[in-house]
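Written below as structure tokens is the structure these notes are about.
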Amino acid sequence: MKKHYLIGFVAVILAVVAAVYIWKTKSPARGEKSSPVRQTQTASEHEATKPQGVREEAQQEPAEETPVVEIPADRQQMLGVETVEVTVRELWKVIRTVGRIEYDERKLATVNAKFEGWIEKLHVDYTGRQVKKGEPLAEIFSPELVATQQEFINAAKWAHQSGDAKNDGINAMLARDANALVEASRQRLKFWDISEEQIKKIEESGKPVRTLTLYSPVNGYVVQKMALQGMRVMAGEKLFDIADLSSVWVVADIYENELPLVKQGQTAKISLSYFPGREMTAVIDYVYPSLSADTRTAKVRFTVPNPGMQLKPQMFTNVEVIIPMGKKLAVPTEAVLDTGIRQIVYVDKGDGYFEPREIRTGIKVDQMQEVLAGLRQGEKIVSSAIFLIDSEAQIKGVKPLAGGHKH
């Protein structure tokens, strides 16, 4: 019996010792650190405890790398790659067009008759003849003109007889009336372009002139002749057109899209195949206000001196209008690859690397292209074999950044 009590007591003691041991292993001692399981937080819990600004900075994505295509030096030489520096330069726009020589309308003259009659004698009988100012052109017989001359002669005789009569009241009144009639007849003859010398000759001779002679008012060439020998002439009918060709007009066509650049006073160079190697300089003296609906062009006019009458109306000319555009950041046109949507250049980054870059372009003048955005002065770009380099970039999947680079 005692043996059984002893075994039970020992079992109880062992159970108490085991319980104390287990409690000590689970409870940390004073001054010891807490368990790693309690100290460690999850990544999500750690982010949640950070300030708002720190969390946003951590979420930012890394910057996109600049796309480049690598072409070794030996391959560049094989492709014929050349580069050019982007610079600011003076640009000149040259508008090339075709002109035509025309008469100077300010030096055209028309000869006509102011009375009815018939051409009795024709001095200038073909178109194109050169005439001098005051040279006779035609003689016209007019019954009305003869009658007016006879009226003038009779009035002059009456006035002369009245002046020789005694100076009483009646004779003085008749003399005044005779003189008034003479002046009226004289003035009527002047209205018909009869010169003072001719009128004086008629008065002195006392005989009317059968025909009236028409004279050239200017030096020039007969460009139109409607007068024929023996033809009837009506009052106001045009008989001759005479053009002074000491200076001529060159009229050129300018396309609608180039009109904003063209202004009066700009300088142009004019050349003709008729004079190979010879070039004339002229200034735009008028821009016509209307536009041709068929050709969508407007006309500009130059006045050109014509010494020796070598410039003939209706000759064609080559015209170059030179327009200064100021200083612009520009690159050669062949260095810009136009895809139809974007303009691309390849920037030389050195060590055989080339960056495709989208640019924004402006005006294009004589193989030069203005650059508005995308390049800086001093950068080097590919100026030849750009299509071959672009093919290499397409094969390697290298494309310019969307929207291009801001500079």
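Taking residue 133 and the conditions (1) at pLDDT 90 or above; (2) crowded, with 16+ Cβ neighbours inside 10 Å, which numbered condition does it fall short on, given that it satisfies the others? Of (1) at pLDDT 90 or above; (2) crowded, with 16+ Cβ neighbours inside 10 Å, only one is false for residue 133: (2).
When both residues are 6+ apart or on different chains and their Cβ atoms are under 7 Å apart, which pairs have a first residue that lies in region 339-363 and is within 24 Å of residue 258 (Cα to Cα), and a second that is open to solvent by 70 Å² or more (accessible area, probe 1.4 Å)? Pairs found: 360/372; 361/372; 362/372. Can residue 338 be described as of a type in the set (Asp, Glu) and in contact with a Phe, Trp or Tyr (Cβ under 7 Å, 6 or more places away or on another chain)? It is false that residue 338 is of a type in the set (Asp, Glu) and in contact with a Phe, Trp or Tyr (Cβ under 7 Å, 6 or more places away or on another chain).
The combined condition, being within 21 Å of residue 245 (Cα to Cα), under 16 Å from the mean Cα position of the chain (by Cα) and open to solvent by 30 Å² or more (accessible area, probe 1.4 Å), is not fulfilled by residue 255. The residue of region 386-407 that is modelled with the highest pLDDT, among those that are surrounded by fewer than 16 Cβ atoms within 10 Å (Cβ to Cβ) and within 18 Å of residue 360 (Cβ to Cβ), is 399. Of 115, 141, all but one fail to be closer than 30 Å to residue 229 by Cβ, hydrophobic (A, V, I, L, M, F, W, C) and open to solvent by 20 Å² or more (accessible area, probe 1.4 Å); the exception is 141. For region 151-177, a tally of residues being at pLDDT below 70, assigned to a helix (DSSP H, G or I) and of a type outside the set (S, T, N, Q) returns 8.
Given the structure, is residue 319 touching a strand residue (DSSP E or B) at 6+ places or on another chain (Cβ under 7 Å), among the β-branched types (Val, Ile, Thr) and over 30 Å from residue 86 (Cβ atoms)? Don't jump to the end; show me each part of the working.
Details: touching a strand residue (DSSP E or B) at 6+ places or on another chain (Cβ under 7 Å): yes; among the β-branched types (Val, Ile, Thr): yes; over 30 Å from residue 86 (Cβ atoms): yes.
Taking the combined requirement at face value, the residue satisfies it.
For region 310-318, indicate whether the set of residues that are among the polar types (S, T, N, Q) and crowded, with 18+ Cβ neighbours inside 10 Å is non-empty. Within region 310-318, one or more residues are among the polar types (S, T, N, Q) and crowded, with 18+ Cβ neighbours inside 10 Å.
State yes or no: is residue 283 at pLDDT 90 or above, open to solvent by less than 50 Å² (accessible area, probe 1.4 Å) and either hydroxyl-bearing (Ser, Thr, Tyr) or in a strand (DSSP E or B) (or both)?
Values: at pLDDT 90 or above: yes; open to solvent by less than 50 Å² (accessible area, probe 1.4 Å): no; either hydroxyl-bearing (Ser, Thr, Tyr) or in a strand (DSSP E or B) (or both): yes.
Judged against the criteria, residue 283 is not a match.
For the subset of region 178-197 comprising residues that are in contact (Cβ under 8 Å) with a residue 12 or more places away in the chain, farther than 14 Å from residue 150 by Cα and part of a helix (DSSP H, G or I), which member is farthest from the chain's Cα centre (by Cα)? Looking at residues that are in contact (Cβ under 8 Å) with a residue 12 or more places away in the chain, farther than 14 Å from residue 150 by Cα and part of a helix (DSSP H, G or I), I get 178. Which one is surrounded by the fewest Cβ atoms within 10 Å (Cβ to Cβ), of the residues in region 341-385 that are in contact with a Pro (Cβ under 8 Å, 6 or more places away or on another chain) and assigned to a loop (DSSP other than H, G, I, E, B)? Here the answer is 367.
Working carefully through the options 97, 110, 127, 148, find the one that is modelled with pLDDT of 90 or more, surrounded by 15 or more Cβ atoms within 10 Å (Cβ to Cβ) and either β-branched (Val, Ile, Thr) or in contact with a Leu (Cβ under 9 Å, 6 or more places away or on another chain) (or both). First the steps, then the outcome.
On the way: 110 fails: surrounded by 15 or more Cβ atoms within 10 Å (Cβ to Cβ); 127 fails: surrounded by 15 or more Cβ atoms within 10 Å (Cβ to Cβ); 148 fails: modelled with pLDDT of 90 or more.
Criteria check complete, one pass: 97.
When residue 202 is tested against (1) open to solvent by 70 Å² or more (accessible area, probe 1.4 Å); (2) at pLDDT below 85, just one condition goes unmet, and that condition is (1).
Conditions (1) hydrophobic (A, V, I, L, M, F, W, C); (2) open to solvent by less than 20 Å² (accessible area, probe 1.4 Å); (3) at pLDDT 90 or above; (4) closer than 30 Å to residue 193 by Cβ, marked per residue:
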| position | (1), (2), (3), (4) |
| --- | --- |
| 232 | no, no, yes, yes |
| 276 | no, no, no, no |
| 287 | yes, no, yes, no |
| 302 | yes, yes, yes, no |
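Within region 305-327, the set of residues being over 30 Å from residue 368 (Cβ atoms) and either of a type outside the set (A, V, I, L, M, F, W, C) or part of a strand (DSSP E or B) (or both) comprises 305, 306, 307, 308, 310, 312, 313, 314. When each of 235, 227 is tested for being under 22 Å from residue 135 (Cβ atoms) and of a type in the set (A, V, I, L, M, F, W, C), the lone residue that passes is 227. Residue 250 meets all of the listed conditions (1) over 13 Å from residue 321 (Cα atoms); (2) open to solvent by less than 40 Å² (accessible area, probe 1.4 Å) but one, namely (1). Which residue, of 336, 321, is at pLDDT 80 or above, of a type outside the set (Ser, Thr, Tyr), buried (at least 16 other Cβ atoms within 10 Å of the Cβ) and over 24 Å from residue 78 (Cα atoms)? Result: 321 is the single residue among 336, 321 that is at pLDDT 80 or above, of a type outside the set (Ser, Thr, Tyr), buried (at least 16 other Cβ atoms within 10 Å of the Cβ) and over 24 Å from residue 78 (Cα atoms).
The values are calculated or read from the model by the stated rules, or taken from the named source; none is laboratory data. Computed from a predicted model, the values in this text were never measured in an experiment. When we count neighbours, we look across all protein chains shown, and the Cβ atoms used for this are built from the backbone with ideal geometry, even at glycine. Please note that ligands, DNA and RNA were not included when accessible areas were found on the heavy atoms of the full protein model with its side chains. Shrake-Rupley method; radii C 1.70, N 1.55, O 1.52, S 1.80 Å.
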